[in-house]
Amino acid sequence: MTLIRNRLKPVSIFLVALMVLLSLPYQSALAALIGTEDLMESQRAVEARAYITSVLAREDIQKALMARGIDPIEAQARADSLTDQEAIQFADTMEQLPAGGLIGYLVGLAVLVFLVLLITDILGFTDIFPFVKKTAK
């Protein structure tokens with residue numbers, strides 16, 4: 001009988017330890033389905049971050065940042081710290097900006113003012129342009 005007890009003692013210790021471990025409270029895993037919208041948003045965030053990084057890596061952008069006193073490395077660090085929504089919004093805003101920026105609007109305004117003055121000069125209301133032939137009255 002002592003021989004059986006001596007041989008089964010390690011097994012019984014193992015079984016007691018296993019029962020104690022199994023009786024402890026544990027956290028069950030929570031699993032849920034991932035929606036298509038969530039997956040698409042995360043993909044858009046990755047693409048937006050890649051776009052922002054590529055824009056900040058351009059040499060002309062880095063020169064413009066340094067001209068304004070902004071360190072390009074710090075600008076990249078700030079871009080990396082954006083949330084997914086902020087990165088998507090920032091990338092969308094950058095893509096929608098006109099390429100010429102304010103210069104395109106100024107040229108359009110100058111052409112409009114020139115045309116208005118030219119028409120008023122042709123109609124005889126103003127005398128601004130010497131190349132417009134005046135009709136004798």
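Just so you know, all these numbers are worked out from the coordinates, no wet-lab data involved. Note that the structure is a prediction, hence the values are computed from the model and not measured. Heads up, the Cβs are rebuilt from the backbone with ideal geometry, glycines too, and the neighbour counts pull from every protein chain shown.
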task: Could you work out how far apart the two model spin labels at Val107 and Leu3 are, taking each label as a point 7 Å from the Cα in the direction of the beta carbon, and quote it in nm?
output: 10.4
field: Value of relative contact order over the chain, rounded to a whole percent, pairs C-alpha under 8 Å and six or more apart
entry: 17
statement: Taking 0.36 nm per residue of separation between Leu15 and Asp92 and subtracting their Cα-Cα distance, the length gained on full extension comes to 21.6 nm
field: Extended-chain gain in nm, criterion 0.36 nm per residue less alpha-carbon gap, Gln43 and Ile70
entry: 6.8 nm
query: Is any helix in the chain, taking whole DSSP H runs, at least 20 angstrom long along its axis by alpha carbon and on average at least 1.6 on the Kyte-Doolittle scale, and which ones?
result: 102-123
- request: Jot down the radius of gyration and Dmax of the chain, Cα atoms only, both in angstrom.
  value: 36.9, 139
- prompt: Length gain on complete extension for the stretch Lys133 to Arg78, per 0.36 nm per residue less the alpha carbon to alpha carbon distance?
  reply: 13.8 nm
- prompt: Under the rule of -39500 (n - 2.57) per DSSP H run of 4 or more residues, summed and divided by the residues of the chain, what mean residue ellipticity at 222 nm is obtained, to the nearest 500 deg cm²/dmol?
  reply: -23500 deg cm²/dmol
